[in-house]
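Each remark here refers to the structure printed beneath this line.
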């Protein structure tokens, strides 16, 4: 929307003066007039036109009316100078105030300009006042905000400190002064970097440097400080960076909360969790934490040492003088160990009972570990005076010194423990150094006894069968049941590797019963399949089984359950199973024979070989210990002697009416010689290694097929013995 | 939620041009400082129509307030009121409804101070220093709460202010928030710089304002129409400034789009 063409053009073109009111109205419609209500604009046009006309009335000239007309335009916001230019042109070309047009125009312009000046000044005045008011308001708000801030800062319960990025402390509030126990002047001007504490968390100062250099916005740490009085105060510190408008770091604000009580409580709880209340020494948990930490990221070639200490005869003290005395003794021992070894930089911990351990971190070699063990013994050399008693206390020590890379924490402790037992066995009051080979053996014993109770339940045992052959025709006469253990860590173990432990632990009872059940069941199965060609089954009885009152009933039950012909079962006992002819066990053996079962003496010749017993026992077979045959020399006098002894044993057995089995027969020559001697049966690698039942079954089946005869039939699968 | 903590006063920098005072200058007023005048002169040099546009805008404010007063409105909420060089809302409304109450809102502390000086003896006019981009805060001010109290419909004026709200500040959401706070029957009068009116000027003009604390975002007519979502538009709908209910058809002129501003009045059902 543009205005009409400039009115001045038309007046310049000499339009009739009667056109003035319309031209004037058109002029006012442009510009500001566009914003006005048409009615208001019409009123303005009418009023100004009237004023301009009035100035020329009565033949005179009234400058006031023309000035008023100019002022009215300004009042109506016709403030654009262009409107004046155009109004002047229009008035000049009009026939108003005849002859005094110039005066009229001048008066109008003066009125407009004066009003505009007033208006401009008034508006400038107004806007300056407004700006002033706004500024005052802003300042008041700022003052209020500052007051609020100051109050917040001063009365905050949390300690607040403000510093510059150079590390100068600029302000500290009351709470912070209280935390530091300091007066304002004590803190002002101090430097943040002076507030180092030896227990500072690693990384706290690195974080601080990053903050003040603008690399991070804030950090949080638990940090200790020295108070003005030298005491330590623990705080939870939050430090933030303040930047200026350009983003450059200018201030740091630290907020500190006093957490000393909480920290001390945590420390006490942690101490309680990791220390033995009786002796104050680190406990098992703490010891293993330290040990495991050692293994976490060891330096290449790092070594460590362990002294596993067990007091000698502590139980006696405890039992005879009472637990209280025992506790006092333990505390005294702990104190001695601690004061003797701590200065050397070693950790002393109590593992429980009368067991202590010394940990040597960064051990320099075996000598250092041994020296530590000697220090332990020396520390305990003098008797411990308690309540008027002078208690002599010694210790046995297992010493282990190894590269960290060579072992694990658990293995190391177990090895040190096993080494300790050697020290005990070798006579107490001494230290023993770890020996890898002996350790390996001890570990297997350890692993066997620990594992065995669950092994039976988990079906880790199984039975192999070794053939006993008739020397006369090489036929399969019997098989001996041999129990094996498929140990999850150690692999398959033979009876010699665990039967001893089984006897010690008593596990032989359930294990022996299980073997009997399995073997009888297997034999009954063969009997069913092969009839008269089924072999006799030989099962070993341990001493403890023989002496067990329930043996006969067990065997009876097993025979019934399996359905095995008792004549197919032969039980092998050792000489040591029977102490004398009137032994309770002899009666049991008779009862077994009454059941139809036969008995054999196993390993004959290795024990007492009491011939008198042989006569009294209801045995029907004798097995000559394998060493008699396998130890035979290649040739010479000794060989002759060996054969003569074997021949004597065979004839002795025959005299007593016993059949004889030779064990350990490993070649055909020996088999032939035994046969010519009249030995009945033989057992050994030459006749077959222990084999799985299926293998035995195949042998039986083969022997029933096309007869190829001879004793040399394949030994089948590789046995484990 | 307030955008800044209550203890931090709004910035007040008289050395930088300010939209309210530049607008005053376009209208021939003297409520301005050197920096404002310099920027305004530069803008007018680039776009000589600006004073005309501002007067057309002022005329729309007058016509829409007159219309609303004639419809019976006596409560007005003028957001982005700036410095009312002439024709303040309460003056226009009271010619028709002498009992009219007006609450003026602006975020510029100087404009607010000016309005307060001007209205210090006016019992029925109040001035609130608040920011449209935080409508929840704006609506929570006691003066606004009082005006919006149930009973009578309220006319909300968003005249030449939403184009100072950036897209990130989400003008649609702001209008929705205001709309939902209005009593039934309330009205919205809106004027917004469009992209279509003078595409040749839009970029340079926005660039100029983007150097001030109040950057300008001109928007498409379609988007401006969308701001009336939830309102029923009164005749003639969303149009260019001079086309909205002109008192005399001749004032519309042959090129209403040259006035760039797009306007409309809507009512809440």
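Coordinate-derived values only; no laboratory data. Note that the coordinates shown come from a computational prediction; the quantities given were computed from them, not determined experimentally. A quick note on method: Cβ atoms are made from the backbone with ideal geometry, for glycine too, and the neighbour counts reach across all protein chains shown.
What FRET efficiency comes out for the pair residue A:530/residue A:197, r = Cβ-Cβ distance, R0 = 60 Å, nearest 0.05? Here the calculated transfer efficiency is 0.10.
Its Cα gyration tensor gives region A:7-126 an equivalent ellipsoid; the semi-axes, largest first and in whole Å, are 22, 17, 13. With Cα atoms as the point set, the radius of gyration and Dmax of region B:147-234 evaluate to 14.5, 47 Å.
With the highest mean first, a sort of the peptides A:355-362, A:395-402, B:162-169 on other beta-carbon atoms found within 10 angstrom per residue produces A:395-402, A:355-362, B:162-169. Could you tell me what percent of the DSSP beta bridges with both partners in chain A are antiparallel, to the nearest 5? Rounded to the nearest five, the antiparallel share is 75 percent.
Out of all DSSP beta bridges with both ends in region B:184-269, state the antiparallel percent to the nearest 5.
Details: 11 of 12 bridges.
Taking every DSSP beta bridge within region B:184-269, about 90 percent pair in antiparallel fashion.
Translational diffusion coefficient of region A:277-434 (Stokes-Einstein, Kirkwood radius from Cα pairs, 10 °C, 1.306 mPa s): 102 µm²/s.
Which whole number in µm²/s is D for region B:83-221 by Stokes-Einstein, with the Kirkwood Rh taken over Cα pairs at 20 °C and 1.002 mPa s? Estimated diffusion coefficient is 131 µm²/s.
Only Cα sites of chain A enter the Debye sum here, all with the same form factor; the resulting log10 I(q)/I(0) across q = 0.08, 0.10 1/Å is -0.92, -1.06, listed in q order.
Taking 56 Å as R0, compute the FRET efficiency from the Cβ-Cβ separation of residue A:170 and residue A:486 and round it to 0.05. The calculated FRET efficiency here is 0.15.
Where does helix A:366-379 land angle-wise versus the long Cα axis of chain A, in degrees 0 to 90, nearest 10? Around 80 degrees separate the two axes. Centroid-to-centroid, using Cα positions, region B:234-269 and region A:45-112 are 35 Å apart. Within the listed set B:148, B:61, B:119, the Gaussian network model of chain B (springs between alpha-carbon atoms below 10 Å) gives the highest mean-square fluctuation for B:119. What is the distance in Å between the Cα centres of region A:622-646 and region A:244-303? Centre-to-centre distance over Cα atoms comes out at 72 Å. The share of Cα pairs per 5 Å bin across region A:113-200, counted from zero up to the longest distance, runs 3, 11, 13, 13, 11, 8, 7, 6, 6, 5, 5, 5, 3, 2, 1, 0, 0 percent.
Quick one, can you get me the convex hull of the C-alpha atoms of region A:449-704 expressed as volume per residue in Å³?
Working: hull volume 33.7 nm³, N = 256.
Hull volume normalised by residue count: 132 Å³.
Each residue, residue A:217 and residue A:557, gets one label point 7 Å from its Cα in the Cβ direction; the gap between the two is 7.8 nm. If you plug the beta carbon distance of residue A:113 and residue A:37 into 1/(1 + (r/R0)^6) with R0 = 25 Å, you get a FRET efficiency near 0.40.
Å³ per residue of the Cα convex hull, for region A:277-334? Before the final figure, lay out each step's value.
Values: hull volume 5.1 nm³, N = 58.
Cα-based convex hull of region A:277-334, divided per residue, equals 88 Å³.
Length gained on full extension, residue A:323 to residue A:654: 112.7 nm, using 0.36 nm per residue less the C-alpha separation. Quick check on region A:449-704: of the DSSP beta bridges with both residues there, what percent are antiparallel, nearest 5%? Among the beta bridges of region A:449-704, antiparallel pairing accounts for roughly 40 percent.
If you fit an axis through the alpha-carbon atoms of helix A:409-425 and take the longest principal axis of the Cα set of chain A, what angle between them do you get, 0 to 90°, nearest 10? Its long axis makes an angle of about 30 degrees.
Considering only Cα atoms, the convex hull volume of region A:507-637 works out to 133 Å³ per residue. Distance between the C-alpha centres of region A:169-220 and region A:388-423: 48 Å, rounded to the whole angstrom. Per-residue mean of foreign Cβ neighbours for B:113-120 is 4 (Cβ atoms of other chains, 10 Å radius). Please list, by residue number, everything in region A:448-480 whose backbone N is under 13 Å from a paramagnetic label point 7 Å out along Cα→Cβ of residue A:408. It comes to no residues whatsoever. Ellipsoid semi-axes for chain B, based on the Cα gyration tensor and the rule √(5λ), read 25, 23, 18 Å when sorted largest first. Taking Cα atoms only, the orientation of helix A:323-341 departs from the longest principal axis of chain A by about 70 degrees. When Rg and Dmax are taken over the Cα atoms of region A:386-435, they come to 14.3, 49 Å.
With N residues in region A:156-264, what two-decimal value do you get for its Cα radius of gyration over 2.2 N^0.38 Å?
Numbers: Rg = 13.2 Å, N = 109, 2.2 N^0.38 = 13.1 Å.
Rounded to two decimals, the normalised Rg is 1.01.
Only Cα sites of region A:203-250 enter the Debye sum here, all with the same form factor; the resulting log10 I(q)/I(0) across q = 0.15, 0.24 1/Å is -0.48, -0.84, listed in q order.
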